1. Volume per residue, Å³, of the convex hull around the alpha-carbon atoms of segment 1-93?
2. Which three lengths, in whole Å and largest first, does segment 149-239 cover when its Cα atoms are put on their principal axes?
3. Projected area of the chain, taken from the Cα convex hull and averaged over every viewing direction, in nm²?
4. Give me the distance between the Cα centres of segment 101-139 and segment 11-55, rounded to whole Å.
5. DSSP beta bridges in the chain, what fraction antiparallel, as a percent rounded to 5?
6. From the C-alpha gyration tensor of segment 50-140, pull out the three semi-axes of the equivalent ellipsoid (sqrt of 5λ each), sorted largest to smallest, in whole Å.
Ligand code: DX5
Ligand code: ZN
């Protein structure tokens, strides 16, 4: 890594389980477990069967789980026309809403509709979408999510080239002196999480690696420990 991150330039890691891979028969229990094990937020994929070739769940599920845990909710709108369900999503208790930059020529309008209701907003980019798409509103964003698999399904392998994208993005943020959360979504494993942190991402979204394990709490703690230890090594090396 050629960049020189200082603590003020590299936000600390956050572990964010994605409920897409959870056992839907007992979602309440599953989310309570990850919160207890130290998950920093929860990730929800709302899919419409158009923007991605899969249908998951809507804001009702987010609302129901809001009563179970108190960690922040990160809602990933993998839908065309996100405007249609923005209000419902906000009312469901979302703390951060991520919209895809590929879905609309009116991204400013979407961004403003989220922010004017006092909710944080983030942009999500598919693997082949260039970073330049967010260049002119980056300062307005609370988070940028980089998809590291083709969106729509859990349990896929991370596209290795995406590590270059994360690195390029963190480097450009450091150059511009912007401290921003970079989220990675898709194919995060115990084996690659350190490389992801080293590349410069800090919001670690993981579905299968957490909810696909026998012991969900242990998996959460293990992923968090790997990420935090790697982060500490990077920071202490460059301090
Ligand atoms: C994928 C979704 C992810 C998914 C990740 O399209 O956006 O949030 O849950 O699942 P894993 O971690 O299994 O790749
Ligand atoms: Zn997602």
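The numbers here are math on the coordinates, done by the rules we state, and not lab data. If you're wondering where the values come from, they're calculated on a predicted model, not measured in any experiment.
1. Details: hull volume 14.4 nm³, N = 93.
Expressed per residue, the convex hull around the Cα atoms of segment 1-93 is 155 Å³.
2. 41, 29, 18
3. Numbers: hull surface 47.1 nm².
Mean projected area for the chain: 11.8 nm², to one decimal.
4. Using only Cα atoms, the two centres lie 22 Å from each other.
5. On the way: 1 of 33 bridges.
Approximately 5 percent, going by the DSSP bridge assignments.
6. Details: eigenvalues 97, 48, 27 Å².
Taking √(5λ) for each Cα gyration eigenvalue gives 22, 16, 12 Å.
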